[in-house]
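The values are calculated or read from the model by the stated rules, or taken from the named source; none is laboratory data. The model shown is predicted, which means the values in this text are computed figures rather than measured ones. Counting neighbours? That spans all protein chains shown, and the Cβs are built from the backbone with ideal geometry, glycine included. Remember, those area values only see protein heavy atoms, side chains included, never the ligands or the DNA or RNA. Shrake-Rupley method; radii C 1.70, N 1.55, O 1.52, S 1.80 Å.
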Amino acid sequence: MSMLHSKTLPAFELLRIAGSFRRILRTELGQEQLCARCNESWPMDLEFFDISGRSVSYECRACIQERRRD
């Protein structure tokens, strides 16, 4: 897993969702969330993250599937 440096990250902001904080990037296409495992930003929607009620997963769907295979 690579280390994140503030110089390489775009302007992420912390957003509180269901009692915990997520790293969010606001783009012209909408909000993107930084995956806690692969450190890639993905659109915050059902295609990329598990969303149930007010909760959004920390990891993207690809990382969740990879972790379950291991």
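Brief remarks follow.
- Filtering the stretch 33-47 to residues that are of a type outside the set (S, T, N, Q) and open to solvent by less than 50 Å² (accessible area, probe 1.4 Å) leaves Leu34, Cys35, Ala36, Cys38, Pro43, Met44.
- Residue count for the stretch 15-31, restricted to those that are modelled with pLDDT of 80 or more and either closer than 15 Å to Ile51 by Cα or surrounded by 10 or more Cβ atoms within 10 Å (Cβ to Cβ) (or both): 10
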